[in-house]
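No lab work stands behind these numbers, since they all come straight from the coordinates. Please read these numbers as outputs of a predicted model, since none were measured by experiment. Heads up, the Cβs are rebuilt from the backbone with ideal geometry, glycines too, and the neighbour counts pull from every protein chain shown.
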Amino acid sequence: MTAKRMPRILIVGAGGIGGLTFDLVVPALEKVGQKCSITIMDGDTVEASNLGHQRFSSSDVGSFKTTALVQKYELFNNVYCVSDTENLRVKEQLQDFDYIIIG
């Protein structure tokens, strides 16, 4: 019998929609014990103007959005979160993922 490979999920975009999606999906998967890897991809950094409508705090200003989001979930046991600070430019960046969410 072969072991199942851990599913790999990619969320493209860490702003309003992508960041919210990440913040909803990661805790939900952790709660049900689903072992998986979630990568969030975005090359943008947090700016003060983002604070009113995106899920960041003033201490995140200047950090990559993906890094700020991933740091919140470092202690989770089932969901492995990965920060990718590149922007999506070529289809080859998508090839290693089972599920892709565009935010």
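Values as computed for the structure displayed
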| read-out | value |
| --- | --- |
| Sum of -39500 (n - 2.57) over DSSP H runs of 4+, divided by residues of the chain (222 nm, nearest 500) | -7000 deg cm²/dmol |
| Backbone HN-Hα couplings from phi across segment 85-92 [Karplus 6.51/-1.76/1.60, Hz, Gly and Pro as x] | 8, 9, 8, 6, 10, 9, 5, 4 |
| Reported label for calculated semi-axes √(5λ) of the Cα gyration tensor in Å given [x] 101, 7, 4; [y] 24, 16, 10; [z] 18, 17, 15 | [y] |
| Nonlocal amide H pairs with residue 101, under 5 Å, H built at 1.01 Å | 10, 11, 12 |
| Under Karplus coefficients 6.51, -1.76 and 1.60, residue-wise ³J(HN,Hα) of segment 75-83 in Hz, glycine/proline x | 8, 5, 9, 9, 9, 9, 9, 10, 9 |
| Estimated vicinal HN-Hα couplings, Hz - segment 6-13 in sequence order (Karplus 6.51, -1.76, 1.60; Gly, Pro = x) | 5, x, 10, 10, 10, 10, 9, x |
| Radius 12 Å from Cβ of residue 36, net charge of other residues (Lys, Arg +1; Asp, Glu -1) | +2 |
| Using alpha-carbon coordinates, inclination of helix 16-31 to the longest axis of the chain, degrees | 40 degrees |
